[in-house]
1. N19: part of a loop (DSSP other than H, G, I, E, B), among the polar types (S, T, N, Q) and more than 25 Å from S96 (Cβ to Cβ), yes or no?
2. Within the stretch 1-16, how many residues turn out to be in a loop (DSSP other than H, G, I, E, B) and either open to solvent by 80 Å² or more (accessible area, probe 1.4 Å) or among the β-branched types (V, I, T) (or both)?
3. Of all the residues that make up the stretch 1-39, how many are touching a His at 6+ places or on another chain (Cβ under 9 Å) and of a type in the set (D, E, K, R)?
4. Among the listed residues V25, V41, identify the single one that is part of a strand (DSSP E or B) and in contact (Cβ under 8 Å) with a residue 12 or more places away in the chain.
5. For T53, all conditions in the list (1) part of a loop (DSSP other than H, G, I, E, B); (2) closer than 25 Å to I103 by Cα; (3) open to solvent by 60 Å² or more (accessible area, probe 1.4 Å) hold save one; what is the number of the exception?
6. So, in the stretch 56-101, exactly how many residues are surrounded by 11 or more Cβ atoms within 10 Å (Cβ to Cβ), assigned to a strand (DSSP E or B) and in contact (Cβ under 8 Å) with a residue 12 or more places away in the chain?
Amino acid sequence: MTKLKIKSGDTVRVIAGDNKGQEGVVQKVFKDKNKVIVEGVNLVSKHQKPSATNPQGGIVKQEASIHISNLSLLTTKGETTRVGYRVEGDKKVRFSKKSNEVI
């Protein structure tokens, strides 16, 4: 199993594909598939049958998963960066390779 450098709650930018340039916060990570769901990115139309929660039914827009290789983490200044790991004290922390700040 590979180590993922993106976690839920991270702010990311799409660097490849149809949604290139869009930014959002990671909502859910699918570790086994190397995919994540990013808020407001990769929206697809889903047909829904009428139900108790949605009596009208119809077409609903929702986020679809996107592969991690198409994403890049953003620093606090809003620039894309790669992620590195180092040990500070007795804790292993992620840091931005561009600005050297702890994420």
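1. On the way: part of a loop (DSSP other than H, G, I, E, B): yes; among the polar types (S, T, N, Q): yes; more than 25 Å from S96 (Cβ to Cβ): no.
So N19 fails the test.
2. Just the residues of the stretch 1-16 that are in a loop (DSSP other than H, G, I, E, B), to begin with: 1-10, 15-16.
Checking which are either open to solvent by 80 Å² or more (accessible area, probe 1.4 Å) or among the β-branched types (V, I, T) (or both) leaves us with 1-3, 5-7, 15.
Count: 7.
3. Adding up the residues that qualify gives 2.
4. Details: V41 fails: part of a strand (DSSP E or B).
Every option except V25 fails the conditions.
5. (2)
6. Within the stretch 56-101, residues that are surrounded by 11 or more Cβ atoms within 10 Å (Cβ to Cβ), assigned to a strand (DSSP E or B) and in contact (Cβ under 8 Å) with a residue 12 or more places away in the chain number 16.
The values are calculated or read from the model by the stated rules, or taken from the named source; none is laboratory data. As the structure is a prediction and not an experimental result, all values here were calculated from the model. No Cβ is skipped: glycine too gets one built from the backbone with ideal geometry, and neighbour counts run over all protein chains shown. Just so you know, the surface numbers come from the protein's heavy atoms only, side chains and all, with ligands and any DNA or RNA stripped out. Shrake-Rupley method; radii C 1.70, N 1.55, O 1.52, S 1.80 Å.
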